[in-house]
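**Student:** Dropping a structure here in structure tokens format, bear with me for questions.
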Amino acid sequence: MITYKNVCKKYDDVTVVKNLNLTVHDGEFVVFVGPSGCGKTTSLKMINRLIEMDEGTIYIDDQDVNKIDGDQLRRGIGYVIQQIGLFPNLTIKENILVVPRLLKWSEEKCEARVHELLELVGMPYEENAHKYPKEMSGGQQQRIGVLRALAGEPPIILMDEPFGALDPVTRENLQDELKILQKKLHKTIIFVTHDMDEAIKMADRIAFMYDGKLLQVASPEDMLRNPADPIIKSFMSKHVSTLENQSLDLKCKDVMSTDILLITEQKKAMEIMSLMKQKEMNWAIVVDEEKTFKGTISLQNIKKQGELTGVAQDLMDTKAETILLTADAKEAFNRLMKSRAKFLVVVSENGKTVGIITKSIITEKLANVVWGDLDWVL
Amino acid sequence: MGVVDFLNRYGDHLMRAIFVHLQYVFISVGAGFIIAFIAAVLLSRVPRFSKVVIPVLGIFQTVPGLVFIGVLFIYLGMKPITVIIALSIYAIFPILKNTYTGIINVDDGLIEAARGCGMSNFQILYKIEIPNAMSSIFSGVRMSTIYTVSWAVLAAMIGLGGLGEFIYRGIETNNNVLIIGGAVPAAILAMTLGYGLDLIEKKVTPRGLKGGR
């Protein structure tokens, strides 16, 4: 059992971990999650005292970690880092045996342990033990990284974004393997990630940190259902692609753009052109005094006329389709995909023209709903 | 005068000169290495301090060897120790700088992993930092060795033998054969020692550190 008791950590004047209290039970898989700089890695590294705490204490089975020699403490706790950190000057076998050798295990015991561990992840001893790290893929290297952490038979393993540097497919595989290993070996694992998907997949309980504070500790299901703080909610909606509830009940008003240019039927071509130039648009929607939809007009249409003498009424195209503001977004989507229409004009129930939906607008809005704000991509 | 004639006439003398020359090189590089290695390891513990100290040491390196041997000669007299001290001091810097850089450049991730495994500072140094700095250390030693072979020529300036004797005597008597007879063996010596060090490096470097990582 690991118990944080009023743990604080400051760097100069900045408090990066604020009064942390948390108990992790034996055999539990706890994931610290939160945006970068929230104090999750610091909280992890204070357990094996790679970072010393300023206030409070951490107990491992009622023993104060500050009262144990740092090196001895670390030999008894497995540790996996994102950069993998296999020693390039040592073979795979030597890497795995770093901790057992520090613990002065006998040669026979070491030998048996390497065999056992490589077998555990399905990497034959003969093929792999005498390789060097650079002779392996990143995924294989991190498997060895995990084995190295397990080698000294520690009851606790700390993992600092262990799969962050791997490609998505390898990451999935290693996540699955780790989950299976943990079920088999009943280790207490504390795992840090900024990836909510990973946290939900791996954790028995998620500890959500923000700005040095622990905002919520809950099982993934509970956290999804009852996020204790708006920050958690927004973090999850940004990071969780499997989030249900939303997206189902979207209406046209949720997916339309209101950035449109309305002109009346009697506007002269010259005026229309200068309005378009002002708004940097090459099309407009023609309406009557009541804002009832009449037609659309494009810059091209006007130019085709040559002489700029006509009014909107004569130049407009009346074929455009309309859709009700309250219609399902799905209907708009279907119509855009099936018909040759490039856009749909959105009208309210009392007949006023209010917006427009194009393929790219609806795609963007849907993506926003599913994956959160994508402004940085677009 | 052909090579055979030259060897008939000066062969014994040349062998003696090469032997003396080699002695200077080995002793100086050896002593320089011990000092440089210890200093580099200590400096690597305090990188902030070293960022100032190492460039200052680099400035001393630019003092011409001739001047330095001359000054030492005044204080210590015409003894081999004068030459050895001077050469050792020159041998220190390349080794010091390369060893220091090699240690400092070891990936932080490795150091963190090593600490996380429960290695003590000393264990991290000799199990992780030094082995991973080895190629840099070797190139420092190679550089120092090759430099020292050429600087050892200056020993003859204060009458202490080595291949420089041929060169100086050749210059004094305007005898090109003697100059070449000293210079060519010195060059061959430098290349051979450099090659020898490469071989040793290849032998002692684990496969995991060979070739670009």
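The values are calculated or read from the model by the stated rules, or taken from the named source; none is laboratory data. Here the structure is a predicted model, which is why all the values come from computation and not from measurement. For neighbour counting, all protein chains shown are included, and Cβ atoms are generated from backbone atoms with ideal geometry for every residue, glycine included. The protein model used for the area step is the full one, side chains on, heavy atoms only, and it has no ligands, DNA or RNA in it. Shrake-Rupley method; radii C 1.70, N 1.55, O 1.52, S 1.80 Å.
**Student:** Scan the stretch A:83-129 residue by residue and report those that are within 13 Å of another protein chain (Cβ to nearest Cβ), among the aliphatic types (A, V, I, L, M) and within 14 Å of A:GLU153 (Cα to Cα).
**Tutor:** Residues satisfying the conditions are A:ILE96, A:LEU97, A:VAL98, A:VAL99, A:LEU102, A:LEU103.
**Student:** Would you say B:ASN121 is within 28 Å of B:THR192 (Cα to Cα), at pLDDT 90 or above and within 14 Å of chain A (Cβ to nearest Cβ)?
**Tutor:** Answer is no for this residue.
**Student:** Collect the residues in the stretch A:190-221 that are more than 14 Å from A:LYS40 (Cα to Cα) and touching a residue at least 12 places away in the same chain (Cβ under 8 Å), keeping them in residue-number order.
**Tutor:** Of everything in the stretch A:190-221, those that are more than 14 Å from A:LYS40 (Cα to Cα) and touching a residue at least 12 places away in the same chain (Cβ under 8 Å) turn out to be A:ASP197, A:GLU198, A:ILE200, A:LYS201, A:MET202, A:ALA203, A:ASP204, A:ARG205, A:ALA218, A:SER219, A:PRO220.
**Student:** Can you name the strands (runs of 3 or more DSSP E) wholly within the stretch A:129-238 that have at least 2 residues being not aliphatic (A, V, I, L, M)?
**Tutor:** Fully inside the stretch A:129-238 and qualifying: A:188-193, A:205-210, A:213-218.
**Student:** In addition: Out of all the residues in the stretch A:326-333, is one or more among the hydroxyl-bearing types (Ser, Thr, Tyr), in a loop (DSSP other than H, G, I, E, B) and loosely packed, with under 11 Cβ neighbours inside 10 Å?
**Tutor:** Taking every residue of the stretch A:326-333 in turn, none turns out to be among the hydroxyl-bearing types (Ser, Thr, Tyr), in a loop (DSSP other than H, G, I, E, B) and loosely packed, with under 11 Cβ neighbours inside 10 Å.
**Student:** Of the residues A:ILE144, A:ILE156, only one is in contact (Cβ under 8 Å) with a residue 40 or more places away in the chain, more than 12 Å from chain B (Cβ to nearest Cβ) and open to solvent by less than 30 Å² (accessible area, probe 1.4 Å); which?
**Tutor:** The unique qualifying residue is A:ILE156.
**Student:** Okay, next question. Can you find even one residue in the stretch B:188-202 that is of a type in the set (Phe, Trp, Tyr) and in contact with a His (Cβ under 9 Å, 6 or more places away or on another chain)?
**Tutor:** No.
**Student:** Consider A:GLU28 against the criteria (1) exposed (fewer than 14 other Cβ atoms within 10 Å of the Cβ); (2) out of contact with any His (no Cβ under 9 Å at 6 or more places or on another chain); (3) on the phi < 0 side of the Ramachandran plot: it satisfies all of them except one. Which criterion is unmet?
**Tutor:** Unmet for A:GLU28, out of (1) exposed (fewer than 14 other Cβ atoms within 10 Å of the Cβ); (2) out of contact with any His (no Cβ under 9 Å at 6 or more places or on another chain); (3) on the phi < 0 side of the Ramachandran plot: (1).
**Student:** Could you run through the stretch A:334-347 and say how many residues are open to solvent by 60 Å² or more (accessible area, probe 1.4 Å) and more than 35 Å from the chain's Cα centre (by Cα)?
**Tutor:** Final tally of qualifying residues: 1.
**Student:** Taking the condition of being at negative phi and surrounded by fewer than 16 Cβ atoms within 10 Å (Cβ to Cβ), how many residues in the stretch A:178-196 meet it?
**Tutor:** Selection size over the stretch A:178-196: 5.
**Student:** Let me ask you something else. With assigned by TED's automatic domain parsing to the domain that holds A:GLN142 and buried (at least 17 other Cβ atoms within 10 Å of the Cβ) as the only criterion, which of A:ASN21, A:ASN66, A:ASN89 stands out?
**Tutor:** After ruling out the rest, the residue left standing is A:ASN89.
**Student:** Then there's this: If I filter the stretch A:41-81 down to residues being among the polar types (S, T, N, Q) and at the interface with chain B (Cβ under 8 Å from one of its Cβ atoms), which single residue comes out as nearest to A:LEU102 (Cα to Cα)?
**Tutor:** A:GLN72
**Student:** Restricting to the stretch B:196-211, name every residue that is closer than 18 Å to A:ALA129 by Cα and more than 14 Å from chain A (Cβ to nearest Cβ).
**Tutor:** None - no residue of the stretch B:196-211 is closer than 18 Å to A:ALA129 by Cα and more than 14 Å from chain A (Cβ to nearest Cβ), so the list stays empty.
**Student:** Taking the stretch A:95-114, which residues are open to solvent by 70 Å² or more (accessible area, probe 1.4 Å) and in a helix (DSSP H, G or I)?
**Tutor:** Within the stretch A:95-114, A:ARG101, A:GLU107, A:GLU108, A:LYS109 meet the criteria.
**Student:** Can we say B:LEU189 is of a type in the set (A, V, I, L, M, F, W, C) and either assigned to a helix (DSSP H, G or I) or open to solvent by 70 Å² or more (accessible area, probe 1.4 Å) (or both)?
**Tutor:** yes
**Student:** Among the residues of the stretch A:299-325 satisfying the criterion of being closer than 13 Å to A:ILE272 by Cβ and touching a Leu at 6+ places or on another chain (Cβ under 9 Å), which is most open to solvent (accessible area, probe 1.4 Å)?
**Tutor:** By that ranking, first place goes to A:GLN305.
**Student:** Given the structure, is B:ILE137 free of Cβ contacts under 8 Å to residues at least 40 places away in the same chain and within 14 Å of chain A (Cβ to nearest Cβ)?
**Tutor:** So B:ILE137 fails the test.
**Student:** Please state which of the following conditions B:GLY11 fails to meet, knowing it meets all the rest: (1) more than 30 Å from B:VAL177 (Cα to Cα); (2) at pLDDT below 90.
**Tutor:** Going through the list (1) more than 30 Å from B:VAL177 (Cα to Cα); (2) at pLDDT below 90, B:GLY11 breaks only (1).
**Student:** Kindly provide the set of residues from the stretch A:1-18 that are open to solvent by 70 Å² or more (accessible area, probe 1.4 Å) and either without any contact (Cβ under 8 Å) to a residue 24 or more places away in the chain or of a type in the set (Val, Ile, Thr) (or both), ordered by number.
**Tutor:** The answer is A:TYR11, A:ASP12, A:ASP13, A:VAL14.
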